[in-house]
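Some notes on the structure that comes next.
No lab work stands behind these numbers, since they all come straight from the coordinates. Bear in mind that the values here come from a model prediction, so they are computed numbers and not experimental data. As a convention, Cβ positions derive from the backbone with ideal geometry for all residues, glycine included, and neighbour counts pool all protein chains shown.
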Amino acid sequence: MTDFLEKTFYGNTISNWLIALSIIAGAYIFSKFLYWIFKNLLSKVTAKTKSKLDDIIVDMIEEPIMMGVIIAGFWYGITYLELSENFLNFIDRVFYIAITFDVAWLISRLVDSIIQNYLSPLIEKSDSDLDDQLLPILRKSLKLVIWTIALVVGLNNAGYDVGALIAGLGIGGLAFAMAAKDSVANLFGGVTVFIDKPFKIGDRIVIDGYDGSILEIGIRSTRLKTLAGRVVTIPNKKFTDSFIENISSEPSRKISMTLGLTYDTNSEQMQDAISTLGSIVESNDKTDETYYTGFTAFGAFSLDITFIYYIKPGEDILAVQTDINKELLSAFNKKGLEFAFPTQTIFTAKA
C-alpha cells in the first residue's frame, strides 16, 4: 500500500494527490456546514431580534461565504502540489480574481437587499412618480459600479497592468462612444425629463405634432398614446431640443368664440346679449368666475361679440361647451336676438 501511495503521477505522489483532493473536498464539506449553521442557527437567532438588518445580513452573506471557502480550499489544495511555476502563477491570478468577484457578489447582494427592504417601502409611500422611476436606475447603477471596481481590483491584484489596459481600450472606447452617441443623447434626455419634470405619467402633451397622454417614461424613450389611440415611442433626446406643450398643466381651459348678430340689432339688445352671456357663465359651476365679453367689431355682415370663458380643470371640456352653447342658443332665441349669416344686398340700377 505504501509503495502504491509513493508512486509518482504528473510530478506528485499519489498520496499528495489524495491530500490535495481531501483539502478540496474538506473545504466543500466545511462550506456546507457553514451554510447549515447560517440557515438553521444564526437565522433563528436573528429572527428573535427587533431589527431586520441582521436578518438581511445573515441571508445575504451565507452563499458568498460558502463560495469563498470553496475557492480558498481549491486554491490551497492545488498549491499543495508540486506544479510548474507558470501554472501556479496562473492559479494565483485566478484565485485573486475569484475572491474579488466573490466579495463583490456579497456587497452587491447586501446593497440590493437593503434598497429593496428599506428604500423601496419609503418610495412606495411617496406621492411622486419620479422616485419610482429612478429607483431601478439607482439599483442597476450601484451594481455596475460595484462590479466595475471588482474587475479593476481583481485584475490589479492578479498582476495585470490595469492602467495600460484602460489606455489600450481608449481608442476602442472612443469608437464605441461615437457609435452610441444617440443612445447617450437619449440617456441624457431621460435624465433631463426626470430632473426638470416637464410632464409626468398621465399628462397630455403636444410635441412635434403628436398630441396625446404619457403612458410610460423610460431612461431611453417615452411612450405616448395619441388621441387616435395609437402608441408613439419618442426618443428622450427629442425633449431636450423640442418645444413641449403640457396641456394638463393649464390651470383652466380657455374657450374663445365670436358671435355675430344681425345689423338690425339695436344697442339695448346688444347690451342684453352681453349681460346674458355673463349670466350663463356665472350660473355654471363647471366654469371659472372670470370671463370676458364685449361688442368688438362691425363685421362684413354682422355685429360681432367676443365671448371668452374658462372651464375648470378636470371637467369634460366638450360636455361643458355643449351645455354653455345650448343655454346661449335658448336664451338668445327667447330674447329674439338673431344670429347673422353671410348675406349680400344687390342694388340694380334702373335703365
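So for ARG93, ARG109, fewest C-beta neighbours within 10 Å to most, what's the order?
Working: ARG93 16, ARG109 20.
Ranked by crowding around the Cβ, least crowded first: ARG93, ARG109.
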Amide H of ALA340 versus every other amide H placed in the peptide plane: which residues, excluding those fewer than 5 positions away on the same chain, fall under 5 Å? GLY260, LEU261, THR262
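Can you tell me the FRET efficiency between ILE195 and LEU34 if r is taken as the Cβ-Cβ distance and R0 is 41 Å, rounded to the nearest 0.05?
Values: r = 46 Å, r/R0 = 1.12.
So the FRET efficiency works out to roughly 0.35.
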Exposure proxy check: LYS225, LYS326, LYS50 ranked by fewest other beta carbons within 10 Å? LYS50, LYS326, LYS225
Separation between the VAL231 and GLU282 pseudo-spin-labels, each 7 Å from Cα along Cα→Cβ, expressed in nm? 5.0
Using the Karplus equation 6.51 cos²θ - 1.76 cosθ + 1.60 (θ = phi - 60°), what ³J(HN,Hα) coupling, rounded to whole Hz, does each residue of segment 266-283 give in order, writing x for Gly and Pro? 8, 5, 5, 5, 4, 5, 5, 5, 5, 5, 4, 4, x, 5, 5, 5, 5, 8
Return the lysines within reach of LYS50: Cα separation strictly under 25 angstrom, same-chain partners fewer than 8 residues apart disregarded; answer none if there are no such residues. LYS39, LYS125
Once both labels are modelled 7 Å past Cα along the beta-carbon direction, what's the LYS52-PHE301 spacing in nm? 7.4
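Only Cα pairs under 8 Å and at least 6 apart count here; give the relative contact order of segment 251-334 as a rounded whole percent. Show your work: numbers first, answer last.
Values: 116 pairs, mean separation 32.9, N = 84.
Worked out over segment 251-334, it gives 39 percent.
Could you give the length gained on full extension between ASN325 and TRP147, defined as 0.36 nm per residue of separation minus the Cα-Cα distance, in nm? Numbers along the way, then the final one.
Values: separation 178, 0.36 × 178 = 64.08 nm, distance 6.55 nm.
Full extension from ASN325 to TRP147 adds 57.5 nm.
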Mind checking the full-extension length gain between TYR118 and GLU85? Use 0.36 nm per residue of separation minus the Cα-Cα distance, one decimal, nm. 7.0 nm
